[in-house]
Amino acid sequence: MTPHIPPPPRASTTGWRAEGRVRGRIAFIDDEAPLCAAAADWLEASGFEVATFTDPAEALAGIRAEACDCVVTDLRMPGLSGQQVLDALRGQDPDLPVILLSGHADVPVAVAAMRTGAHDFLEKPYRAEHLVEVLDRAVDLRRMRREARIRRASPLSTGRLETRLPGNSPALHHLRRAVQHLADLSLDLMLVGEPGSGRSEVARCLHDLGRRARRPFVVIHGAGLPDGALEAELLGHERGYLAGVSGARAG
């Protein structure tokens, strides 16, 4: 069974193939050369840079984890299985997303592989558009993790945190590590603590050390707003939601 990908105009090759703007760097492993060629043509047309490999052992020798955004590998191949490829790549870089391709009979094996670190799996035949959607999510995750790792390792970030959240207690060391870990993640966070415990400064650190620093830091004092106004301020409202408000407003 083959995926729903238009037939390729040329035979597959091994190595990175693309020019111009790169949507993500993908390594595609499958022992069927026509499938590799078809997938590479489709993904390159979608803006990805693609390296295809028909030999999983050669793939492991040719893939540099630090220069790759995602690996797509067939699960059942001669020589090395997709599970073995996954295990080897996770040994190099646990943050590198690996997507498995599986036939219907291999779906339980693919699901089990996700418990050992696979990012996702696609059952053959898959839609090419769906592969692109899954790759976009994987590439975004990869880049987010890479940026977070760089920020955590940055002496500037560490020094700024020690200045803004000073102290040598175990609790403060733990707090600074948590801020470094969470600052660049796309999460909603709630800080809980007694008045004067430093919640505001922690919030500003989370903003300033991550991707949120590109946007303004907005403070809303909910206690000073009348009933119903906090929800309107955060979520927006339609016309007539509050007395005296004539128009709609975005949150």
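The values are calculated or read from the model by the stated rules, or taken from the named source; none is laboratory data. Predicted, not measured: the structure shown is a model, and the values here were computed from it. A quick note on method: Cβ atoms are made from the backbone with ideal geometry, for glycine too, and the neighbour counts reach across all protein chains shown. Keep in mind that these areas ignore ligands, DNA and RNA; they rest on the heavy atoms of the full protein, side chains included. Shrake-Rupley method; radii C 1.70, N 1.55, O 1.52, S 1.80 Å.
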Rounded accessible area of His174 (nearest 10 Å², 1.4 Å probe): 110 Å²
Approximate spin-label separation Leu141-His221, in nm, with each point projected 7 Å along Cα-to-Cβ: 4.3 nm
Environment charge of Ser102, counting only residues whose C-beta is closer than 12 Å and scoring Lys/Arg +1, Asp/Glu -1: -3
Three-way shape label, the range 24-152, alpha-carbon gyration tensor, a/c 1.5: rounded
Relative pair counts by distance (%), Cα atoms of the range 155-217, 10 Å bins: 21, 58, 20, 1
Estimated inter-spin distance, Leu235 and His104, nm [label 7 Å along Cα→Cβ]: 4.4 nm
Listed residue (His104, Thr116, Pro94) projecting farthest to the positive dipole end of the range 80-128, Cβ model: His104
Paramagnetic label zone (point 7 Å from Cα along Cα-to-C-beta, Arg127; backbone N under 20 Å) in the range 41-63: 41-48
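Can you give the extra length, in nm with one decimal, that the chain gains between Arg160 and Asp87 once fully stretched, where that is 0.36 nm per residue apart less the Cα-Cα distance? The partial results should precede the final answer.
Working: separation 73, 0.36 × 73 = 26.28 nm, distance 3.72 nm.
Stretched out fully, the Arg160 to Asp87 stretch lengthens by 22.6 nm.
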Estimated distance in nm for a label pair at Ser169 and Asp31, the labels positioned 7 Å out from Cα along Cα-to-Cβ: 6.0 nm
Packing-based order for 218-226, 81-89, using average beta carbon neighbours within 10 Å, highest first: 81-89, 218-226
